[in-house]
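Written out below as structure tokens is the structure these notes cover.
The values are calculated or read from the model by the stated rules, or taken from the named source; none is laboratory data. From a predicted model like this one, the values you see are computed outputs, not experimental measurements. With ideal geometry, Cβ positions are generated from the backbone for all residues, glycine too; neighbour counts draw on all protein chains shown.
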Amino acid sequence: MALTLDIDQGPVITSLDNHLQDAYANGVTIAGGTPSAIAGIPGLDRLSDADLTTGREGMEIGFAAFLKAMRLPPTTYNITGFLNGFGQHAGADYGAGHCRYWKDAMGYVLLDGLADTPASPNGKALAQLPAGYRPVTGDIYPAAAQGATAKIQVLSDGYITAVEAPGLTWLSLAGIRFYAG
């Protein structure tokens with residue numbers, strides 16, 4: 001399947017490419033990425049900046065190649081401000097926990113990682129997500145835990161709370177996903 005670019009889409013692609021190159025110049029890295037969103041896209045990689053700026057109407061590129069090149073991996077942030085005795089799990093088998101969060105291109109926030117729990121975790125907040133990474137409305141999610149199933153609540157103020165986590169030493173955030181707007 002080919003994608004035909006209209007005359008006004010060339011400048012948009014050029015602008016995106018320029019922003020990516022600026023980001024790389026300022027130290028931003030993207031796993032598996034290149035300094036150019038245009039590099040390697042059949043058809044686009046053979047065009048000059050002038051072709052893209054003028055939007056060479058009718059230019060066709062492979063649709064799958066275009067989407068692959070424009071889909072950038074999200075930036076992942078580690079949860080560092082643990083509250084109430086929760087902390088990063090140190091188990092070597094699980095990549096040292098790495099409690100983290102990120103937002104996908106559709107505005108959904110995803111959580112991942114293992115957290116160590118205090119002696120009585122029920123009803124206690126694990127951490128608070130920053131503005132922009134909070135759900136529109138709070139919800140409760142099932143979570144894997146040491147030898148049990150727990151429930152985690154993520155509130156609209158960003159607090160991640162262990163609602164039901166009986167007698168365990170670690171709690172998984174994997175699979176928690178919500179819309180952040």
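Restricting attention to segment 137-156, does a residue exist that is in contact (Cβ under 8 Å) with a residue 40 or more places away in the chain and of a type outside the set (A, V, I, L, M, F, W, C)?
Taking every residue of segment 137-156 in turn, none turns out to be in contact (Cβ under 8 Å) with a residue 40 or more places away in the chain and of a type outside the set (A, V, I, L, M, F, W, C).
Would it be correct to say that Thr161 is assigned by TED's automatic domain parsing to the domain that holds Phe86, buried (at least 21 other Cβ atoms within 10 Å of the Cβ) and either at pLDDT below 90 or not aliphatic (A, V, I, L, M) (or both)?
Details: assigned by TED's automatic domain parsing to the domain that holds Phe86: yes; buried (at least 21 other Cβ atoms within 10 Å of the Cβ): yes; either at pLDDT below 90 or not aliphatic (A, V, I, L, M) (or both): yes.
Answer is yes for this residue.
Step by step: first the residues of segment 164-179, then only those that are of a type in the set (A, V, I, L, M), over 17 Å from the mean Cα position of the chain (by Cα) and surrounded by 19 or more Cβ atoms within 10 Å (Cβ to Cβ), then the one that is nearest to Leu111 (Cα to Cα). Which residue is that? Reasoning before the result, please.
Applying the first criterion (of a type in the set (A, V, I, L, M)) to segment 164-179 yields 165, 168, 171, 173-174, 176.
With over 17 Å from the mean Cα position of the chain (by Cα) added as a condition, the list becomes 165, 168, 171.
If we keep only those that are surrounded by 19 or more Cβ atoms within 10 Å (Cβ to Cβ) as well, we get 165, 171.
On the way: Ala165: 17, Leu171: 12 Å.
Selected residue: Leu171.
So which residues in segment 101-128 are within 15 Å of Ala162 (Cβ to Cβ), in a loop (DSSP other than H, G, I, E, B) and without any contact (Cβ under 8 Å) to a residue 60 or more places away in the chain, if there are any at all? Quick ask: steps written out before the conclusion?
Quick first cut of segment 101-128, residues within 15 Å of Ala162 (Cβ to Cβ) only: 111, 113-128.
After this cut, where a residue has to be in a loop (DSSP other than H, G, I, E, B) as well, the list is 113, 117-123.
Those that are within 15 Å of Ala162 (Cβ to Cβ), in a loop (DSSP other than H, G, I, E, B) and without any contact (Cβ under 8 Å) to a residue 60 or more places away in the chain: Thr117, Pro118, Ala119, Ser120, Pro121, Asn122, Gly123.
Count, please, the residues in segment 129-143 that happen to be among the hydrophobic types (A, V, I, L, M, F, W, C), assigned to a strand (DSSP E or B) and under 17 Å from Ile79 (Cβ atoms). Steps first, please.
Pass one, segment 129-143, residues among the hydrophobic types (A, V, I, L, M, F, W, C): 129, 131, 136, 140, 143.
Among the residues that remain, those that are also assigned to a strand (DSSP E or B) are: 140, 143.
Still in the list and also under 17 Å from Ile79 (Cβ atoms): 143.
Count: 1.
Just checking, how many residues over segment 119-154 are of a type in the set (Lys, Arg) and under 19 Å from Tyr108 (Cβ atoms)?
To start, the set of residues in segment 119-154 that are of a type in the set (Lys, Arg) comprises 124, 134, 151.
Filter once more, keeping what is under 19 Å from Tyr108 (Cβ atoms): 134.
Number of matching residues: 1.
Which residues, counting only those in segment 157-181, are farther than 14 Å from Gly147 by Cβ and outside any strand (DSSP E or B)?
Once the filter is applied, which keeps residues that are farther than 14 Å from Gly147 by Cβ and outside any strand (DSSP E or B), segment 157-181 yields Asp157, Gly158, Leu173, Ala174, Gly175, Ile176, Ala180, Gly181.
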